[in-house]
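For reference, the structure is listed below as structure tokens.
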Amino acid sequence: MSAHENHAAKNSVSEAKAKSSASSRVVIFDTTLRDGEQSPGASMNLEEKIKIALLLEEMGVDVIEAGFPIASNGDFEAVREIAKRVTESTVCGLSRAARNDIDRCWEAVQHAKQPRIHTFISTSPLHMKFKLQMSPDQVHQAIIDSVTHARNICPDVEWSCEDGSRTEHDFLCRTVETAIKAGARTINIPDTVGYAVPEEFAALIKMVINRVPNIDQAVISVHCHNDLGLGVANSLAAVGAGARQIECTINGLGERAGNAAMEEIVMALRTRQDLMPFTTGVNSEYITRASRLVSAITGFVVQPNKAIVGANAFAHESGIHQDGMLKHAGTYEIMTPESVGLGKSTLVMGKHSGRHAFRMKLKELGFDLGDNAMNEAFKRFKDLADRKKDVYDEDLVALIDDEIQHEAELIKFVSLQVIAGSRGPQTATLELEVEGKVQTATTQGNGPVDATFNAIKALVPHEAKLLLYQVSAVTQGTDAQAEVTVRLEEGGKSVNGQGAEPDTMVASARAYIHALNKLMVKRAKTAPAAMSA
């Protein structure tokens, strides 16, 4: 083993935290960039993935599953770049039980300070018969071959038995023992289709611990899907039974009904120390920021009553609740808004605020911009302050996110004038800078949004289909900024675009242009058939 591998082995999360199932430390394995991105319509480009990965690292996430390198060149590049940029978290890539997959995965993650290969194969009778069309003995041999090969090239290997919760117990124990013998130091037992219930899943984890003789050499991990709404409950039950790694995603993003939500897991462990005396390395004050970032990038809006990060999670409308809150916050809040990074909005910024105060406020909100980006952001802030009476922290976050997203585009928004009303026709006059050249078009449509989008099509002809148009208010009031998400699809490729402005039509145009820019440069992504775990 090379010096680099020795160093990585000493620092790997699984080696450092796996020695005893009695340990109170729970490893947080985030798969937003891999399983989360498999949600239809949730694809992210390279810059967006890097942005999320760096925030996850800053949060204190132990393992970042950055993607599935064999799936496409785009996935490979994303995993490789994240591996180069992230230094504190382990960077993991997913791989099927095939030598080519494993080699491609290692090619991507080898640049990481702490690399991990996560390889998997199905073990349930249903999957083996109909999906793999392999016998149990063939699957068992594939585990030996794949884990051995992965361990020969990477010091940190994780193995998953896909559909583990529906796998026969004898075969599950046999495969787990084999994977550990072959060199896996993290064993993931997933509830791939969200079929288990907490008591049953906890019993499964206990059974594995009691029956697999070499289980003390590995960390037991769980990856629970949310098809029955039990992803978080099953994950916590598994920890109580001895699992010490939880695989989860921001906002519960993922295939079908999603995955166990990281924010719910972290705050449940933090809040209920009396029943679950376990700790994580996640700084919970980053939770709201991470939730908003993933929501903005994917276009998946968080439902208002979503636990921890929903808009209503700390809102109290009932008179009885309000009375209790005024007397003591603990009457109706089991955690503070500040504990998840949801500070109360302040109105300290306005049109008279200077550049220095603006820079300091952005640093408070977690932004550290370069001089050019700061100048552009400050200009947009001044424009916003002239049009909007009260500038909230949320307004600044939306403005900066929008500025960063639109920083380097082939098509740039210049101006928009819309004529709308009940009598019609609705007309939009749009000015764009296309590859450095300013162009103007005036078009009509069935409403102001349609007219605006028709103007974009007139200036930048394309055949993209509009799959999603979504508007939400950043803050309260009639002068609130509108945050618009647009999803476009062309040739089987879909992308999301975002825009934020006090004027909804301008925000709509910026969101559509953002998506169109991404569509123009998006590489084809053709994923293999099996990507679950």
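Taken together, the residues in the stretch 365-391 that are buried (at least 17 other Cβ atoms within 10 Å of the Cβ) and within 25 Å of the chain's Cα centre (by Cα) amount to 2. Here the condition is being outside any helix (DSSP H, G or I), touching a residue at least 40 places away in the same chain (Cβ under 8 Å) and surrounded by 16 or more Cβ atoms within 10 Å (Cβ to Cβ); of Leu516, Leu432, it holds for Leu432 alone.
Would you point out the residue of the stretch 225-259, among those that are in contact with a helix residue (DSSP H, G or I) (Cβ under 7 Å, 6 or more places away or on another chain) and β-branched (Val, Ile, Thr), that is nearest to Thr288 (Cα to Cα)? Per the stated criteria, the residue is Ile250. Scanning the stretch 60-71 for residues that are on the phi > 0 side of the Ramachandran plot and touching a residue at least 60 places away in the same chain (Cβ under 8 Å) yields a total of 1. In a strand (DSSP E or B) and touching a residue at least 24 places away in the same chain (Cβ under 8 Å), is that true of Glu489? Answer is yes for this residue.
Of all residues in the stretch 256-270, one or more are under 23 Å from the mean Cα position of the chain (by Cα), of a type in the set (Val, Ile, Thr) and at pLDDT 90 or above.
Of all residues in the stretch 351-374, those being part of a helix (DSSP H, G or I) and either touching a helix residue (DSSP H, G or I) at 6+ places or on another chain (Cβ under 9 Å) or within 14 Å of Glu501 (Cα to Cα) (or both) number 8. Just to be sure, is Val449 buried (at least 16 other Cβ atoms within 10 Å of the Cβ), in the same structural domain as Asn496 (by TED's automatic domain parsing) and in contact with a Ser or Thr (Cβ under 6 Å, 6 or more places away or on another chain)? For Val449, the condition - buried (at least 16 other Cβ atoms within 10 Å of the Cβ), in the same structural domain as Asn496 (by TED's automatic domain parsing) and in contact with a Ser or Thr (Cβ under 6 Å, 6 or more places away or on another chain) - is met.
Among the criteria (1) closer than 30 Å to Gly499 by Cβ; (2) surrounded by fewer than 22 Cβ atoms within 10 Å (Cβ to Cβ); (3) touching a helix residue (DSSP H, G or I) at 6+ places or on another chain (Cβ under 9 Å), the one Met262 does not fulfil is (2). Output the residues belonging to the stretch 43-76 that are in contact with a Leu (Cβ under 7 Å, 6 or more places away or on another chain) and among the β-branched types (Val, Ile, Thr). Answer for the stretch 43-76, where residues must be in contact with a Leu (Cβ under 7 Å, 6 or more places away or on another chain) and among the β-branched types (Val, Ile, Thr): Ile52, Ile64. Among the candidates Thr186, Thr192, Thr148, the residue that is hydroxyl-bearing (Ser, Thr, Tyr), out of contact with any Gly (no Cβ under 6 Å at 6 or more places or on another chain) and over 19 Å from Asp30 (Cα atoms) is uniquely Thr148.
Of all the residues that make up the stretch 455-484, how many are part of a strand (DSSP E or B), modelled with pLDDT under 90 and out of contact with any Ser or Thr (no Cβ under 7 Å at 6 or more places or on another chain)? Looking only at that region, the number is 2. From Ala202, Ala241, Ala233, grab the single residue that is in contact with a Pro (Cβ under 7 Å, 6 or more places away or on another chain), modelled with pLDDT of 95 or more, aliphatic (A, V, I, L, M) and assigned by TED's automatic domain parsing to the domain that holds Pro155. Within the list Ala202, Ala241, Ala233, the selection yields Ala233. Go through the residues of the stretch 382-392 one by one and say whether even a single one is of a type in the set (Ser, Thr, Tyr) and not in a strand (DSSP E or B). Checked against the condition, which is being of a type in the set (Ser, Thr, Tyr) and not in a strand (DSSP E or B), the stretch 382-392 yields at least one hit.
For Val197, state whether it is assigned by TED's automatic domain parsing to the domain that holds Cys105 and surrounded by 20 or more Cβ atoms within 10 Å (Cβ to Cβ). Considered against the rule, which asks whether it is assigned by TED's automatic domain parsing to the domain that holds Cys105 and surrounded by 20 or more Cβ atoms within 10 Å (Cβ to Cβ), Val197 comes out as no. Being among the hydroxyl-bearing types (Ser, Thr, Tyr), without any contact (Cβ under 8 Å) to a residue 60 or more places away in the chain and surrounded by fewer than 24 Cβ atoms within 10 Å (Cβ to Cβ) narrows it down to one residue among Ser235, Ser284; which is it? After applying the criteria, what remains is Ser284.
How many residues are surrounded by fewer than 20 Cβ atoms within 10 Å (Cβ to Cβ) and in a helix (DSSP H, G or I) if we restrict to the stretch 34-56? Summing the residues that are surrounded by fewer than 20 Cβ atoms within 10 Å (Cβ to Cβ) and in a helix (DSSP H, G or I) in the stretch 34-56 gives 7. Looking only at the stretch 375-415, residues that are closer than 15 Å to Gln498 by Cα and at pLDDT 85 or above come to 3 in all. For the residues Thr475, Thr427, the requirement of being surrounded by fewer than 19 Cβ atoms within 10 Å (Cβ to Cβ) and touching a Phe, Trp or Tyr at 6+ places or on another chain (Cβ under 7 Å) singles out Thr475.
The values are calculated or read from the model by the stated rules, or taken from the named source; none is laboratory data. Keep in mind that what you see is a predicted model, and the values were worked out from it rather than measured. With ideal geometry, Cβ positions are generated from the backbone for all residues, glycine too; neighbour counts draw on all protein chains shown.
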